[in-house]
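The values are calculated or read from the model by the stated rules, or taken from the named source; none is laboratory data. A quick note: this is a predicted structure, and the numbers were derived from the prediction, not measured. Backbone-built Cβ (ideal geometry, glycine too); neighbour counts: all protein chains shown. These accessible areas exclude ligands, DNA and RNA; they are computed on the full protein's heavy atoms, side chains included. Shrake-Rupley method; radii C 1.70, N 1.55, O 1.52, S 1.80 Å.
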Amino acid sequence: MGRTEELIREVDRWSAHNYHPLPVVIERGEGCWVWDVEGNKYLDMLSAYSAVNQGHRHPRIIAALVDQAERLTLTSRAFHNDQMGAFLHQLCELVGYHKALPMNTGAEAVETAIKAVRKWGYMVKGVAPEAGEIIVCENNFHGRTTTIVGFSSEEQYRHGFGPFTPGFKLIPYGDIDALRAAVTENTVGFLVEPLQGEGGVIVPPEGYMKEAQAICREANAKLMADEIQTGLGRTGRMLCCHWDGVTPDVVMLGKALGGGVYPVSACLADEDVMDVFAPGDHGSTFGGNPLAAAVGSAALDVLVDEKLPERAAELGDWFMGELSAIGSPHVEEIRGRGLMIGVVVKESSGTARPFCEALMERGILAKETHYQVVRFAPPLVITREILEEALAAIGEVFRAPAPQPA
Ligand code: PXG
């Protein structure tokens, strides 16, 4: 038995079977490259679902991690630490908010936003107790907690996990009239991805977030943007909402906030929302710990100093054009923004998974989403030369007869 097979068998034996990864075992990463245990080199075109925007093991982020690890890693929030304030100050100024509440995972940032906006609804807006409603979109992905999967429209995410938290109303994504029709006096917020990632790289109609903002303002409800996957440069702007010139009332960040090194997430808002929290209302043992703060701060420095949003915009535009120029008989549509690109495989050519397997054989790691979509989302530190190499391999796969499932 080969080393790869041995390691995969061990995971199968000792772990729950809640994933179906590509059969590659990675042991090292640097920049946009990773190496498997057999010594093969791959271009990472998934970036851990946009958590590795700064590239694997960015030297500045690793230096911050090591330096902080040698001094202090965790205090809990029972005491102050000397790193958290500066990190949140930097984050708020960069993204444009008064306050941030630090957590660890994306799902926790979303839960934080839900709690904040509900409590704002009761304390500030004056909604009757327990009556607050949050509008959400079909095809959403906001994480895996029971509250969050409770308002998913994906049957598999929910099946067997109920009963669920009430108070959410589902509307079609990208449909501004549906939003207008769904708001009531009890609406406290509209939780939305400015571009749906897991849903299949779905770009909403132009101006959608702008109009959503206007509707929320009129209804005295909070526009809550989940930018956990789209944020921090991925789509060619610091926030994807900036494409529409919108600063949402509440924004959730995660993934790349930890620079691909450490789980760091946050919920950001202005005082009217954030000040609803009193000591004891909410928290996390690890949220805002000094290691997370030091890493998060370095992750933001890299985004800004290396102009990663600008790189994503420029390279993404060019790359999307080149992907279209491949002229594949298997491709129905290519869509996305910046370096968050989905290639939709025609149903007559099978599903996206065999294409990902064929790409892997040619040294490119990409992952299907929603059955028909191959997603290309490389680290934002990638260069045009490396993308050109990738295009040659992608062209080979997409011009050949449709690959068969493994
Ligand atoms: N919001 C969005 C838009 C996301 O893409 C989350 C929230 C949740 O983040 P955490 O850190 O709690 O996973 C995501 C996560 C998975 C998986 O394995 C998750 C994501 C993408 C692909 C796979 O559950 N996105």
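Multiplying the residue separation of residue 86 and residue 396 by 0.36 nm and subtracting their alpha-carbon distance yields 106.8 nm.
Of the trypsin sites (Lys or Arg not before Pro) found in segment 296-373, those that fall in a DSSP loop while having at most 16 other beta-carbon atoms within 10 Å are 307, 346, 362.
The calculated FRET efficiency for the pair residue 181 and residue 154, based on their C-beta separation and a Förster distance of 35 Å, comes to about 0.90. Determine, from the Cβ-Cβ distance of residue 12 and residue 161 and an R0 of 22 Å, the FRET efficiency 1/(1 + (r/R0)^6), rounded to the nearest 0.05. Working from the Cβ atoms, E equals 0.45. Spatial offset of segment 319-351 relative to segment 212-269 amounts to 26 Å, using the alpha carbon center of each.
Summing Cβ point charges (Lys, Arg +1; Asp, Glu -1) relative to the Cα centre of the chain gives a dipole of roughly 380 debye. With helices as the sole contributors, the chain gives -10500 deg cm²/dmol at 222 nm; each DSSP H run of n ≥ 4 counts as -39500 (n - 2.57), and the sum is divided by every residue. Sequence-ordered 3J(HN,Hα) estimates for segment 78-93 from the Karplus curve with 6.51, -1.76 and 1.60 and θ = phi - 60° stand at 5, 10, 7, 10, 7, 10, 5, x, 5, 5, 5, 4, 4, 5, 5, 5 Hz, glycine and proline given as x.
Tell me the net charge near residue 12. Cut-off is 13 Å between Cβ atoms, residue 12 excluded, with +1 for each Lys or Arg and -1 for each Asp or Glu. After counting each charged neighbour, the total is -1.
Over segment 59-305, the Kirkwood radius and the radius of gyration, each from Cα atoms, give a ratio Rg/Rh of 0.96. The residues of the chain present an accessible area of 44 Å² per residue when probed at 1.4 Å with all protein chains retained. Spin-label pair residue 304-residue 347: with each label point 7 Å from Cα along the Cα-Cβ axis, the two points sit 4.9 nm from one another. One Cα centroid belongs to segment 96-162, the other to segment 44-94; the line between them spans 25 Å.
Counting only protein heavy atoms and a probe of 1.4 Å, the accessible surface of segment 59-305 is 53% carbon and sulfur. Note on segment 307-356: Cα-Cα pairs beyond 12 Å make up 64% of the total pair count. Here the chain carries DSSP beta bridges of which approximately 65% are antiparallel, counting only pairs with both residues inside. Using the Cα gyration tensor of segment 123-180, with a ≥ b ≥ c the square roots of its eigenvalues, what is the shape: rounded (a/c below 1.5), prolate (a/b larger than b/c) or oblate (neither)? Oblate shape, in that a/c is at least 1.5 and b/c is the bigger or equal ratio. Each Cα pair under 8 Å and six or more residues apart adds its sequence gap; the mean of these over the residue count of the chain is a relative contact order of 22 percent. Dividing the alpha-carbon radius of gyration of segment 258-406 by the rule-of-thumb value 2.2 N^0.38 Å gives 1.35. Peptides 198-207, 22-31, 251-260, 1-10 ordered by packing proxy, namely the average of other Cβ atoms within 10 Å per residue, highest first: 251-260, 198-207, 22-31, 1-10. If you plug the beta carbon distance of residue 130 and residue 247 into 1/(1 + (r/R0)^6) with R0 = 25 Å, you get a FRET efficiency near 0.25.
Taking every lysine pair in the chain that is 8 or more places apart or spans two chains, those with Cα atoms closer than 20 Å amount to 18. Taken about its Cα centre, segment 113-206 carries a charge dipole of about 460 debye when Lys and Arg each add +1 at the Cβ and Asp and Glu each add -1 at the Cβ. Residues within the reach of a label modelled at residue 3 (point 7 angstrom out along Cα to beta-carbon, backbone nitrogen below 12 Å), restricted to segment 31-50, are 35-41.
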